[in-house]
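Have a look at the structure below before the remarks.
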6 protein chains.
Amino acid sequence: MRPSKRKPDELRRVSIERAVSKHAEGSCLIKFGDTHVLCTASLEERLPQWLKGQGRGWVTAEYAMLPRATHERTRREVTSGHPSGRTQEIQRLVGRALRAVVDLTKLGERQITVDCDVIQADGGTRTASITGAWVALHDCIQWMKMRDMVKENVLRDHVAAVSCGLYKGEPVLDLDYAEDSNADADANFVMTGTGGIVEIQGTAETTPFSEERFTDLMQLAKKGIGELVQLQKLTVA
Amino acid sequence: MRPSKRKPDELRRVSIERAVSKHAEGSCLIKFGDTHVLCTASLEERLPQWLKGQGRGWVTAEYAMLPRATHERTRREVTSGHPSGRTQEIQRLVGRALRAVVDLTKLGERQITVDCDVIQADGGTRTASITGAWVALHDCIQWMKMRDMVKENVLRDHVAAVSCGLYKGEPVLDLDYAEDSNADADANFVMTGTGGIVEIQGTAETTPFSEERFTDLMQLAKKGIGELVQLQKLTVA
Amino acid sequence: MRPSKRKPDELRRVSIERAVSKHAEGSCLIKFGDTHVLCTASLEERLPQWLKGQGRGWVTAEYAMLPRATHERTRREVTSGHPSGRTQEIQRLVGRALRAVVDLTKLGERQITVDCDVIQADGGTRTASITGAWVALHDCIQWMKMRDMVKENVLRDHVAAVSCGLYKGEPVLDLDYAEDSNADADANFVMTGTGGIVEIQGTAETTPFSEERFTDLMQLAKKGIGELVQLQKLTVA
Amino acid sequence: MRPSKRKPDELRRVSIERAVSKHAEGSCLIKFGDTHVLCTASLEERLPQWLKGQGRGWVTAEYAMLPRATHERTRREVTSGHPSGRTQEIQRLVGRALRAVVDLTKLGERQITVDCDVIQADGGTRTASITGAWVALHDCIQWMKMRDMVKENVLRDHVAAVSCGLYKGEPVLDLDYAEDSNADADANFVMTGTGGIVEIQGTAETTPFSEERFTDLMQLAKKGIGELVQLQKLTVA
Amino acid sequence: MRPSKRKPDELRRVSIERAVSKHAEGSCLIKFGDTHVLCTASLEERLPQWLKGQGRGWVTAEYAMLPRATHERTRREVTSGHPSGRTQEIQRLVGRALRAVVDLTKLGERQITVDCDVIQADGGTRTASITGAWVALHDCIQWMKMRDMVKENVLRDHVAAVSCGLYKGEPVLDLDYAEDSNADADANFVMTGTGGIVEIQGTAETTPFSEERFTDLMQLAKKGIGELVQLQKLTVA
Amino acid sequence: MRPSKRKPDELRRVSIERAVSKHAEGSCLIKFGDTHVLCTASLEERLPQWLKGQGRGWVTAEYAMLPRATHERTRREVTSGHPSGRTQEIQRLVGRALRAVVDLTKLGERQITVDCDVIQADGGTRTASITGAWVALHDCIQWMKMRDMVKENVLRDHVAAVSCGLYKGEPVLDLDYAEDSNADADANFVMTGTGGIVEIQGTAETTPFSEERFTDLMQLAKKGIGELVQLQKLTVA
């Protein structure tokens, strides 16, 4: 049995609150149970040097945790002078996930930066970040549409993410911290609203796992991401 | 007339919500109008090297702004490798303010770090930080008392802060961003519940000001801080 | 047809030359076609601070590219002051892969660092690094056995890695640079000698891909890794 | 009684030696007793990026201490990779103080950087820096006038600074190190030649102080700054 | 007697293998006994900011050691955030040595960077680097000539380097690590093919040495460099 | 003719003022014409980690230039986060020069750091630094002798340094900036009071030079260093 008493294929309670920032062009506070992430999308009329003059835009993401988002206080990364490997991995992942569903040429020569700041962490911060980032990005693009800055179809599809893992030998959906820190294996799946795979990252924590087990995890992920996309649709409707 | 239509000696609407963090020993979300700061107090059974073995504890503070707390997105400080001068000034100020009302010898050889993370900024983030940090610190010390880790009188007094300034020539209390960015002078006052002065930082932005004007600002500050301390009392009652 | 004229399920010519370093306890130069990686394993009688006194050892990896390993010269990372996100991702991946097949408690309180330095790059540097790192690690552990520092079964299995991808819509094995830079999707697989999955990292570069396509990639990977493990066995026999 | 036997309202012996640098456009060596600061003003025909094209110039300051300016040797800040919070606070303060008396539009699109390097420290380095920096700045502007680069009235007023504090309960002027390290409170005042307030920074070191005490400190400061401005006038006459 | 049984005026076995890199415009692997350095020359159509628009090019060098090039593993310099003093000294030396024999005005507004990466170290890495760097540079310039990018006489002469030292009181040529770590004095000489002196760096390790001894070292160096230049000529013939 | 009208073998006017620092155990201000260097020796009862427990001490040096020591203002090195290659070369050179004349075992487990801060630069800052550093070191050791911390013969000899160069084809002694920036070659010599060679660093700036020319430079250096040692003797007599 899972520590949270959830069924193996049950997500935590997920909620998305839109327009939580006075300043950002798009924003939401997404909660996967006790994991809370503030996502803000910022539009800037400038591009990184290497992208200038190519007639297309860019979408990127940054990720950070507040020091006491975690059980023990974590040192701020500014103190060590650069983002940790983990932070960089996550923000690169979020950026790739968002770009997979954006038509960058229709965006024009502009950059949208989605900041995912973890206010409170209880496992699954990267999957909550991706799922919330899509909402902030959606609202930012709506903001641009209302000002005739872009036309239709900049955002081609939904994208959402969930983790699955082997906990006490059983495949379970959406690991919280108590499960994640004791899982035998864990995998993050990023998929689109139409079921396409964008990213898969699976890792055996203790012992290698079989192809069959991996297939089980993917089936759970498809179910979970389907539900998350459904919630995104309700949220922005 | 002030952009917010407030009277010269009127604070913004201030609210303090306690226990907003699942993990921290003490926490609050303080709002001075549209300025929102999350304050968490973290207890650690360790001390900086230079303080070890002296039979007393330490209280320190860290301060940061989320990138899109501001009107335009601000670059994360981790990107430039170290906290800006402004950030360091503010976190040193918050730390000094808190230590002025703590009996460090009664704390034992432990450190409390109060993190002040600005979720949304509209002027006065440092004064909101100090006022909220006191509540987080108070609750952390309560947490320790309930576990018999400390006795009475660790926290000797309240401490709160407010800014005042000369806006269109008139002394006004608690500047918001619209006022702050156009003020002729601005001053931050940190005072205790019993009216003692802990810190004064006054700066002429455009033209030097007279001693009389400075006295006006101090009178406004005393009134405002009195109200903030009153709110702190109601909050932790 | 592939630029290299290889069949879809054909590896590049792979060679492993052992004992190429005068100083290292274990070393090899591995070549996946024009991708050449020097792997050295260094034994040190010390542990990272957080691991001390737990009665077990540690295996870690570092990764770097020489500046002119690439088609255009790449700036040295020391110039920007810290390893890039890509470098950190890869060295964390190599370390996890190796630890999946080592019994750390049997290693004793020691650390083995495997350095993977890319002398020349033509795609697949991370998979060549993992495959070669296993050989360097194996020889380092042999070196320890010959000095009675460890007993049997420190190294529990082989581990090797290969990339697969969708190139012009077709699943192909072991992408070189010409394929990698034009692939629709690419996935890195890390598996053990007994066929267990250690890591899967799949990314859609341009358009999301289906579950069926992903299964095709995994079948190619199993074939390729089987051949690489066979070569490792011949090499250390 | 003060350790230096000075009267409560007595400055240390202050001297200013002009034109001590062969290269700088303006320079002086200022001594407040055993506190010696070398101030050089450097004119550069360039501006920070954010100021370009606005038709006005900039005045900024940098501050540092030689490693053995202090009783114990202090580590060079270059060793830790960035200026400390204290250094940044001081150099921002000196810059603001100077800009308060300069008409930046009359300066043209140029930058003057005043470097304040503490050769020997005995308390009050920031107030000596401001007082000396004004002389270096004055001479740099004279240098420009002699070359017809600027017209009259670039420099609108004098600016000088002094510290005051509560030492053994008594308000005293211009604290040296022996007093500063034992003061109950200390405050730095920056004022113009015509008596306008530019900056006030007051801090309770041990116990909060009353408004009356603060007023005492301000009276001492006015007297001290009056004398320092008088010395500036004699120096540049 | 020398640990390697060489005669006092005998170089180690030196070999130079050209064109070892698939990507670089010029490259070689040079071996001075067990000291192996990979030298690659990279042509770039850009210049450092301070050189632009002067009608001439630039030749620069970078130097690094692989972590396990040495007997004990050395920490990567990227970990400490910047090149060590030793690394900077060496790369500045190699750059100066190469520029001494290049006609920069004939190079055009381009930069050639020669990277010297020590694969294995056994003393004399800087002298092997200079000697090999010349070959990589020569081949890069040949590459340019074949594409009519430069005319004749860009490369005016050979340049090569060797170390000499006092080992057990006797002057010896080309110190290996066993000698270098026990030498009383050591000196690096950089000379051209026509016998001109480009650089001399002599250091007394334990006790100061006499002018006569220094003259002995220089005679050895002239003989050794003559042989190295002879080998360069055979290599590029 | 030299720009300064000096004879080829004539030093600039050299002066050494002792005991210029209130805090340092030894100090001097040395002037080689318009090159002014403040040298302070600081005694610390601690050692670098790698030297502890070996029964001997350490002497090290640090070097820096004030920003406006130079004709154009130089950016502070703290701004770029680490000492430049040039700074590191010089401080390593000064440290080696001093250690060549100190009996480290007689020093005890202590460290003396000599800081050489260039107040004003006009060429030859490293040679002035070495020559002045010896005086500061001497006085620091005297300070220790007076407190019975060390016995006789800690300081075994004098050490001083001078530069020589080929200016308009002629060998000249002690180059100032005007000569140095136009020299064909320049060499720094560090020698002891008894004429032993400690360091030689010779560099051809434009064209390689002959062995005969180098011998000329060394003769000039011997003369100049003889005079500098004579001045050191008078200074500390």
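The values are calculated or read from the model by the stated rules, or taken from the named source; none is laboratory data. Note that the structure is a prediction, hence the values are computed from the model and not measured. Glycine gets a Cβ as well: all are built from the backbone with ideal geometry, and neighbour counts include every protein chain shown.
What about F:His36, is it part of a loop (DSSP other than H, G, I, E, B) and under 16 Å from F:Val118 (Cα atoms)? Spelling it out, it is not the case that F:His36 is part of a loop (DSSP other than H, G, I, E, B) and under 16 Å from F:Val118 (Cα atoms).
Checking A:Gly224 against (1) surrounded by 22 or more Cβ atoms within 10 Å (Cβ to Cβ); (2) of a type in the set (Gly, Ala, Ser); (3) facing chain C (nearest Cβ under 9 Å), which single condition isn't satisfied? Only one criterion is unmet by A:Gly224, namely (3).
Residue by residue, here is whether (1) surrounded by fewer than 24 Cβ atoms within 10 Å (Cβ to Cβ); (2) within 30 Å of E:Cys28 (Cβ to Cβ) holds:
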| position | (1), (2) |
| --- | --- |
| C:Glu109 | yes, no |
| C:Ile119 | yes, yes |
| C:Asp139 | yes, yes |
| C:Asn153 | yes, no |
| C:Val162 | no, no |
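Residues of the range D:1-33 that are modelled with pLDDT of 95 or more, outside any strand (DSSP E or B) and among the aliphatic types (A, V, I, L, M): D:Leu11, D:Ala19, D:Val20, D:Ala24.
Contact map, the range D:86-111: first residue farther than 21 Å from D:Ala160 by Cβ and of a type in the set (Phe, Trp, Tyr), second residue modelled with pLDDT of 95 or more and not in a helix (DSSP H, G or I), Cβ cut-off under 8 Å, separation 6 or more or different chains; the map is empty.
Taking first residues from the range B:59-76 that are at pLDDT below 95 and partners that are acidic (Asp, Glu), the Cβ contacts under 8 Å between residues at least 6 apart in sequence or on separate chains come to B:Arg76/A:Glu62. Do we find that E:Gly57 is surrounded by 21 or more Cβ atoms within 10 Å (Cβ to Cβ) and not hydrophobic (A, V, I, L, M, F, W, C) in this structure? So E:Gly57 passes the test. Considering the conditions (1) over 18 Å from C:Leu93 (Cβ atoms); (2) crowded, with 17+ Cβ neighbours inside 10 Å; (3) in contact (Cβ under 8 Å) with a residue 40 or more places away in the chain, C:Lys233 is excluded by exactly one of them, (2). Residues considered: B:Gly124, B:Gly169. Of these, the only one that is modelled with pLDDT of 95 or more and on the phi > 0 side of the Ramachandran plot is B:Gly124. Kindly evaluate B:Pro48 against the criterion of being more than 14 Å from chain D (Cβ to nearest Cβ), at pLDDT below 95 and under 30 Å from C:Gly81 (Cα atoms). In short, yes. Of note, B:Gly26 does not satisfy the criterion of being in contact (Cβ under 8 Å) with a residue 40 or more places away in the chain, at positive phi and within 14 Å of chain A (Cβ to nearest Cβ). Residues in the range F:69-98 that are within 12 Å of chain E (Cβ to nearest Cβ), surrounded by 16 or more Cβ atoms within 10 Å (Cβ to Cβ) and farther than 30 Å from E:Asp186 by Cβ: F:Gly81 only. Screening C:Ala64 on (1) crowded, with 20+ Cβ neighbours inside 10 Å; (2) part of a helix (DSSP H, G or I) shows it passes everything except condition (2). Please verify whether the range A:197-205 includes one or more residues that are at pLDDT below 95, out of contact with any Cys (no Cβ under 7 Å at 6 or more places or on another chain) and charged (D, E, K, R). Yes: the range A:197-205 contains one or more residues that are at pLDDT below 95, out of contact with any Cys (no Cβ under 7 Å at 6 or more places or on another chain) and charged (D, E, K, R).
Just so you know, in the range B:133-159 the residues that are in contact with a Cys (Cβ under 8 Å, 6 or more places away or on another chain) and closer than 21 Å to D:Thr207 by Cα include one that is nearest to the other protein chains (Cβ to nearest Cβ), and it is B:Ala133.
For the range C:142-153, the count of residues that are assigned to a helix (DSSP H, G or I), over 20 Å from the mean Cα position of the chain (by Cα) and without any contact (Cβ under 8 Å) to a residue 40 or more places away in the chain is nonzero.
Looking across the range A:160-170 at every residue that is within 14 Å of chain C (Cβ to nearest Cβ) and not hydroxyl-bearing (Ser, Thr, Tyr), the one that is farthest from the chain's Cα centre (by Cα) is identified as A:Leu166. Which members of the range F:92-131 meet the condition of being within 23 Å of F:Leu11 (Cα to Cα), in a helix (DSSP H, G or I) and in contact with a helix residue (DSSP H, G or I) (Cβ under 9 Å, 6 or more places away or on another chain)? Selection gives F:Leu93, F:Val94, F:Ala97, F:Leu98, F:Thr125, F:Arg126, F:Thr127, F:Ser129, F:Ile130, F:Thr131.
Taking the range C:48-77 as the range and being under 20 Å from C:Thr113 (Cα atoms) and over 23 Å from the mean Cα position of the chain (by Cα) as the test, the residues that pass are C:Gln49, C:Trp50, C:Leu51, C:Lys52, C:Gly53, C:Gln54, C:Gly55, C:Arg56.
For the range F:49-107, a residue qualifies if it is charged (D, E, K, R) and at positive phi, but none of them does. If only residues of the range A:195-206 that are at the interface with chain C (Cβ under 7 Å from one of its Cβ atoms) and of a type outside the set (A, V, I, L, M) are counted, the one that is farthest from A:Ala100 (Cα to Cα) is A:Thr203.
Within the range B:175-233, being in contact with a helix residue (DSSP H, G or I) (Cβ under 9 Å, 6 or more places away or on another chain) and among the aromatic types (Phe, Trp, Tyr) holds for B:Phe189, B:Phe209, B:Phe214. Would you be able to say whether some residue in the range C:44-61 is touching an Asp or Glu at 6+ places or on another chain (Cβ under 7 Å) and part of a strand (DSSP E or B)? For the range C:44-61, residues touching an Asp or Glu at 6+ places or on another chain (Cβ under 7 Å) and part of a strand (DSSP E or B): absent.
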